[in-house]
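Heads up, the thing below is written out as structure tokens.
The values are calculated or read from the model by the stated rules, or taken from the named source; none is laboratory data. Bear in mind that the values here come from a model prediction, so they are computed numbers and not experimental data. Counting neighbours? That spans all protein chains shown, and the Cβs are built from the backbone with ideal geometry, glycine included. We work out accessible area using only protein heavy atoms, side chains counted, and drop any ligands, DNA or RNA first. Shrake-Rupley method; radii C 1.70, N 1.55, O 1.52, S 1.80 Å.
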Amino acid sequence: MNKKTRSGILFILFSLSLVMSVSSLAIAGLVPEPTCYDSDGYNIYTKGYVTWGSYRYEDFCFNSQQIQEYICNGNVAAPVGTVCPAGYSCVNGACVFSTTSSTTSTTSTTIPQQQYCTVYARVLDCNTNQLIGGATINLEGRVQYSSSSGYVTFYNIPTGYRTITASMSGYTSDSRTFYCSCSSSVYVDLRICPIITTTTSTTTTSTSTTICCISTTIPTTLPKYCTFRVKVYDDSTTNPLPGAWVTLDGGNAQITPSNGIVYYYNVPEGYHTVTGSKSGYNSDSKSVYCSCGRTIDVTLRLYPIITTTTSTTTTSTTTTIPQYCNIEVLVLYDSTNNPLPGALVSLDGTNYRITDSSGLVIYYNVPVGWHSILASKEGFTQDGTRIYCSCSQTHRVILRLYPIITTTTSTTTTSTTTSTSTTTSTTSTTIPQYCNI
């Protein structure tokens, strides 16, 4: 052990004794407990520092291979000694990449480019989806505790595959493996389950059984996922429908609570099918695209099945009444109330019809739900809208088509010589049709 190493160890022992002394005074109520701040987290590739009250501790090198990194362990400054990875040397309190020239014996050191990501993690109860504070989060040796809102952030995480674990007394632990991409942000949900212990005792024996839940969310190794917030409504109203079954891609079944909302976390990027059903109701299904890092709202509407029963002594007949509406489309000329005949109207990109002399087309027996309507005519701008078709209702849609106005400027130039020539230039300009609202 060289002199510099011995000096470093003595300095660490002195720092620990000082931290313990101040902590003891804080616990006794004699002085307020200091606040710990770490400038770089657990990052051996950057020289950082930790302040604890009025004290400041900087990262330093024991020797060319060993580094002393200071971190905040909870709210207390703590030293962590470690060895730089292969190919790195400790220089001025940081591990830097070393390269050696083959023609000379001179060793040069190059600080590598920043290749880190930021990890945002949150801890949830696997049964209730409630955020949990005070849980221990361990990211490959870096330890933090979730805030009262259940969140924790790790900065300067080296790129590559990483594993993060959440644990708490009275709960099962949960681990996730994810990929840390350079200069990106990674979001990880950790779900821990309460441990329920039941004990059966007799005169001579005692049996203890631990029951825990299993997270239904399948983790992804790449940070490309989204969250689905599924809202189930009763009929075409805004009343939530509790007790409905919701499935994602035919599995991952959940039951809606009193607010009619269920969540699916860590859904892989791409198209997915969300289906809602309940006894006595028609089911509803949506195909939804999951965009990376977004929370996407999915609305499902379940309509009660209206049944009529004809009973005799021995037989019963049940009939389901289909759910339809009618849509009247009125096409008007410009901003006036004059009808525009001969316009082409489409329903959901098909079902084309031509307006009559009153500018009207009618669609009968349109299925309940959202529909797109578009009107167009040669020499006019287009107009379209989306409308929700409510059961047994007749909806009127008014579309306005504005004429495309063109102006022509003509210039004539005449020269008088033994012969006369005339050149005519015609310019056609389309004036855009806009207004302010």
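Listed conditions (1) at pLDDT 90 or above; (2) surrounded by fewer than 20 Cβ atoms within 10 Å (Cβ to Cβ) are all met by Phe228, apart from (2). Val267 meets all of the listed conditions (1) in contact with a Cys (Cβ under 9 Å, 6 or more places away or on another chain); (2) open to solvent by 60 Å² or more (accessible area, probe 1.4 Å) but one, namely (2).
Return yes or no: is Ser89 of a type in the set (Gly, Ala, Ser), modelled with pLDDT of 85 or more and more than 30 Å from Pro34 (Cα to Cα)? Outline the logic, then answer.
Details: of a type in the set (Gly, Ala, Ser): yes; modelled with pLDDT of 85 or more: yes; more than 30 Å from Pro34 (Cα to Cα): yes.
Here the answer is yes, as Ser89 does meet what is asked.
Across segment 111-123, the number of residues qualifying as modelled with pLDDT of 90 or more and over 19 Å from the mean Cα position of the chain (by Cα) comes to 0.
For segment 328-354, the candidate set comprises residues that are part of a loop (DSSP other than H, G, I, E, B) and of a type in the set (Gly, Ala, Ser); within that set, the residue that is least open to solvent (accessible area, probe 1.4 Å) is Ala343.
Select from segment 149-163 the residues that are open to solvent by 30 Å² or more (accessible area, probe 1.4 Å) and among the β-branched types (Val, Ile, Thr) and list them in ascending order. Correct list: Thr153, Thr159, Thr163. Looking across segment 286-307, just one residue is surrounded by 12 or more Cβ atoms within 10 Å (Cβ to Cβ), over 21 Å from Asn129 (Cβ atoms) and of a type in the set (Gly, Ala, Ser), and that is Ser291.
Filtering segment 60-79 to residues that are free of Cβ contacts under 8 Å to residues at least 40 places away in the same chain and either part of a strand (DSSP E or B) or touching a His at 6+ places or on another chain (Cβ under 8 Å) (or both) leaves Cys61, Ile67, Glu69, Tyr70, Cys72. Taken over segment 164-178, the residue count meeting the criterion of being outside any strand (DSSP E or B) and exposed (fewer than 14 other Cβ atoms within 10 Å of the Cβ) is 2. For segment 226-292, the strands (runs of 3 or more DSSP E) that sit wholly inside it and include 2 or more residues that are β-branched (Val, Ile, Thr) are 245-248, 261-268, 270-277.
Residue by residue, here is whether (1) β-branched (Val, Ile, Thr); (2) modelled with pLDDT under 95; (3) open to solvent by less than 80 Å² (accessible area, probe 1.4 Å); (4) in a loop (DSSP other than H, G, I, E, B) holds:
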{"site": "Ser357", "(1), (2), (3), (4)": "no, yes, no, yes"}
{"site": "Val361", "(1), (2), (3), (4)": "yes, yes, yes, no"}
{"site": "Asn365", "(1), (2), (3), (4)": "no, yes, no, no"}
{"site": "His371", "(1), (2), (3), (4)": "no, yes, yes, no"}
{"site": "Leu374", "(1), (2), (3), (4)": "no, yes, yes, no"}
{"site": "Ile387", "(1), (2), (3), (4)": "yes, yes, yes, no"}
{"site": "Ser392", "(1), (2), (3), (4)": "no, yes, no, yes"}
{"site": "Arg396", "(1), (2), (3), (4)": "no, yes, no, no"}
{"site": "Arg400", "(1), (2), (3), (4)": "no, yes, yes, no"}
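A quick yes/no check of all residues on (1) modelled with pLDDT of 90 or more; (2) of a type in the set (D, E, K, R); (3) under 25 Å from Pro268 (Cβ atoms):
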position	(1), (2), (3)
Asp125	yes, yes, yes
Leu131	yes, no, yes
Gln144	yes, no, no
Ser149	no, no, no
Val152	yes, no, yes
Thr172	yes, no, yes
Cys182	no, no, yes
Asp189	yes, yes, yes
Ile196	no, no, no
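Suppose the filter is open to solvent by 50 Å² or more (accessible area, probe 1.4 Å) and out of contact with any helix residue (DSSP H, G or I) (no Cβ under 6 Å at 6 or more places or on another chain); does Ser146 pass it? Considered against the rule, which asks whether it is open to solvent by 50 Å² or more (accessible area, probe 1.4 Å) and out of contact with any helix residue (DSSP H, G or I) (no Cβ under 6 Å at 6 or more places or on another chain), Ser146 comes out as no.
Checking Asn43, Asn75 one by one, the residue that is surrounded by fewer than 17 Cβ atoms within 10 Å (Cβ to Cβ) and among the polar types (S, T, N, Q) is Asn75 and no other.
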